[in-house]
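Student: What follows is a single structure, and I will ask about it in a moment.
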Amino acid sequence: MTPSLSGARRVVVKIGSALIVDTDTAAPRAAWLAGVTADIASLAARGVEVIVVSSGAISLARRKLNMTGARLRLEEKQAAAAVGQIRLAQAWSEALAAVGLTAAQLLLTLEDTEDRRRYLNARATLSTLLGLGCVPVINENDSVATAEIRFGDNDRLAARVAEMMQADFLILLSDIDGLYTADPRRDAAAVHIPLVPAMTDEIDAMGGAPPPGYSSGGMRTKLAAAHIATKAGCTMVIALGHQDRPIRAIEQGARCTWFLGAPEGRSARKNWIAGHLVAQGSLTIDDGAIRALARGSSLFPAGIKAVAGMFERGDAVDVLSSAGVRVARGLAGYSSADAAVIAGHRSEDFEALLGFRGRDEVIHRDDLVLL
Ligand code: GLU
């Protein structure tokens, strides 16, 4: 059965440079942006949370800086991104404002999605923005990223964002309407594949060789994105982006390729928290807090009676009942020192106690597994 966006809750949309940047004028394509932001507005009106991952920074600045060679050196890319990102952000801000939405820019590096502490930071910011009804527009922080610490392509960045935010769909808007058995531009016998139920070696082999020149995408990075997204339980779709209302077109049944999210994907992260991390400490909580956790709540400091061990934000900790029984495990949102200070207190008091406002919960429910 073909999946559909109709039940979507949270969607990441990845938009490539070729879509957003007009090759003749080297400026953002305002008319196309108006169409895609109209699509985003209609998703938002249905209560869907939308996160955009947009390329285009480097490409928007190349001509202005006379960087016209096929391949740019790393320093040139960094400089071009610094110039182009401002234009890109402005284009998104204006286009989203025109449909009544507020754009919020985030520039991420690989470490922001790999390092557990920074991951929590990026995720908390994105959650807050979504809660405020904003549309986060993300790009790689190309101006500070070096070769070793670069994603280099936004397909994988978008997949990491989808994984981090537990999005149910990742839409890759592309210059091709999906995956073919071979590159259809070179092989007339290539056959379009509408549905990929699971990633296999055979599917990977269809990715072919990386594209020449500057272009960082191509089918290979899209398949790498599919591995990340589907493993996290997120369904991914590759669809043609060039038309006027590309997301609506997907909803109306345009030709594309769906990669089904692995059914066990949703629980993979929780299994990882429960089974593969060594707890660095523990939080003993009262009975009211245990009942709240059982109802699916986050762990708030008001219910914490004692803090043991030494841990940093992002470390795994055990959650114990007053009798010392392990009831849950999660990733701490505070260090042991700060958790001890706010234990038993309400969020209104955090600032006075810690000197900063901090987050309301000590373990967010997405980072918590009941045992
Ligand atoms: N981050 C790059 C940019 O904005 C694009 C990376 C990609 O094309 O995937 O220019």
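Student: Divide by every residue of the chain the summed helix terms, -39500 (n - 2.57) for each DSSP H run of at least 4, and state the resulting mean residue ellipticity at 222 nm, rounded to the nearest 500 deg cm²/dmol.
Tutor: Numbers: 14 runs with 139 residues, N = 371.
Calculated from helices alone, the mean residue ellipticity at 222 nm is -11000 deg cm²/dmol.
Student: Provide the gained length on full extension for the span LYS64 to GLN166, in nm with one decimal, where the gain is 0.36 nm per separating residue minus the Cα-Cα distance. Present the calculation step by step, with values, prior to reporting the outcome.
Tutor: Working: separation 102, 0.36 × 102 = 36.72 nm, distance 3.81 nm.
This chain segment gains 32.9 nm when fully extended.
Student: Expressed in nm to one decimal, what extension gain is obtained for the pair SER127 and THR181 from 0.36 nm per residue of sequence separation less their Cα-Cα distance? Write out the running numbers ahead of the final one.
Tutor: On the way: separation 54, 0.36 × 54 = 19.44 nm, distance 3.80 nm.
Going from the current span to full extension adds 15.6 nm.
Student: Determine, from the Cβ-Cβ distance of ASP287 and GLU111 and an R0 of 30 Å, the FRET efficiency 1/(1 + (r/R0)^6), rounded to the nearest 0.05. Provide the component values of the computation, followed by the final result.
Tutor: Working: r = 40 Å, r/R0 = 1.32.
About 0.15, to the nearest 0.05.
Student: In what sequence, highest mean first, do 347-359, 101-113 appear when ranked by Cβ atoms within 10 angstrom?
Tutor: Numbers: 347-359: 12.9, 101-113: 18.8.
Ranked from most to least packed, the peptides come out as 101-113, 347-359.
Student: How much of the accessible area of the chain, in percent, comes from carbon and sulfur atoms when a 1.4 Å probe is used?
Tutor: Working: 8640 of 16590 Å².
On the chain, the fraction of accessible area on carbon and sulfur atoms equals 52 percent.
Student: For the chain, set up a Gaussian network in which alpha carbons nearer than 10 Å are linked by springs, and say which option among ALA81, ALA294, ALA26 fluctuates the most.
Tutor: Its mean-square fluctuation being the largest, the pick is ALA294.
Student: For LYS64, which aspartates and glutamates qualify as cross-link partners when the Cα separation must be under 15 Å and same-chain residues fewer than eight apart are set aside?
Tutor: ASP22, ASP24, GLU76
Student: Which lysines does LYS14 reach when only Cα atoms under 23 Å apart count, and residues fewer than 8 places away in its own chain are ignored?
Tutor: By straight Cα distance, LYS14 reaches LYS77, LYS222, LYS231.
Student: Then there's this: Using the alpha-carbon centroid of each, what span in Å lies between the stretch 226-263 and the stretch 57-72?
Tutor: 30 Å
Student: Now a separate question. What net charge is computed for the residues neighbouring LEU60, neighbours being all others with C-beta under 10 Å from the C-beta of LEU60, Lys and Arg scored +1, Asp and Glu -1? All intermediate terms of the calculation are to be shown ahead of the outcome.
Tutor: Values: positive: ARG62, ARG63, LYS64, ARG87; negative: ASP22.
Residues near LEU60 contribute +3 overall.
Student: Please identify, among ASP187, ASP175, ASP155, the residue showing maximal mean-square fluctuation in a Gaussian network model of the chain using a 10 angstrom Cα cutoff.
Tutor: Among ASP187, ASP175, ASP155, the largest GNM mean-square fluctuation belongs to ASP187.
Student: State the Kirkwood hydrodynamic radius of the chain in Å, one decimal place, computed from all pairs of distinct Cα atoms. Please list the in-between numbers first.
Tutor: Working: mean 1/r = 0.0454 Å⁻¹.
Hydrodynamic radius (Kirkwood, Cα pairs) of the chain is 22.0 Å.
Student: Under a GNM of the chain (C-alpha, springs under 10 Å), which listed residue has the highest mean-square fluctuation: ARG29, ARG220, ARG346?
Tutor: Evaluated over the chain, the most mobile residue of the options is ARG346.
Student: Related question: Tell me, in nm to one decimal, what length is gained between ARG46 and ILE193 on full extension, where the rule is 0.36 nm per residue of separation less the Cα-Cα distance? Walk me through the numbers on the way to the answer.
Tutor: Numbers: separation 147, 0.36 × 147 = 52.92 nm, distance 2.95 nm.
Residue separation times 0.36 nm, minus the Cα-Cα distance, leaves 50.0 nm.
Student: Using modelled amide H (1.01 Å from N, peptide plane; none on Pro or chain starts), what sits under 5 Å from the amide H of VAL13, excluding residues fewer than 5 places away?
Tutor: ILE51, VAL52, VAL53, ILE171
Student: Compute the FRET efficiency between ARG365 and ALA38 as 1/(1 + (r/R0)^6), taking r as their Cβ-Cβ distance and R0 = 25 Å, and round to the nearest 0.05. Show your work: numbers first, answer last.
Tutor: Values: r = 34 Å, r/R0 = 1.35.
The calculated FRET efficiency here is 0.15.
Student: Take each uninterrupted DSSP H stretch in the chain, measure its Cα extent along the helix axis, and return the ones at 27 Å or beyond whose mean Kyte-Doolittle hydropathy is at least -0.5.
Tutor: On the way: long enough: 74-98 (35 Å, 0.19).
In the chain, the long hydrophobic H runs are 74-98.
Student: Excluding residues on the same chain fewer than 8 positions from LYS305, give the lysines whose Cα lies under 30 Å from its Cα.
Tutor: LYS270
Student: What is the Cα centroid distance between the stretch 345-371 and the stretch 88-166, reported in whole angstrom?
Tutor: 24 Å
Student: Let me know the Rg and Dmax you get for the stretch 256-371 when you use only its Cα atoms, in Å.
Tutor: 15.2, 55
Student: With a point put 7 Å past each Cα toward its Cβ, work out how far GLU351 is from SER267 in nm, to one decimal.
Tutor: It is 4.2 nm.
Student: Give me the accessible area per residue for the chain, probe 1.4 Å, as a whole number in Å². Could the numbers behind the result be given before it?
Tutor: Values: 16590 Å² over 371 residues.
Accessible surface, normalised per residue, equals 45 Å².
The values are calculated or read from the model by the stated rules, or taken from the named source; none is laboratory data. This one's a predicted model, so the numbers in the text were calculated from it and none came from an experiment. Glycine gets a Cβ as well: all are built from the backbone with ideal geometry, and neighbour counts include every protein chain shown. Keep in mind that these areas ignore ligands, DNA and RNA; they rest on the heavy atoms of the full protein, side chains included. Shrake-Rupley method; radii C 1.70, N 1.55, O 1.52, S 1.80 Å.
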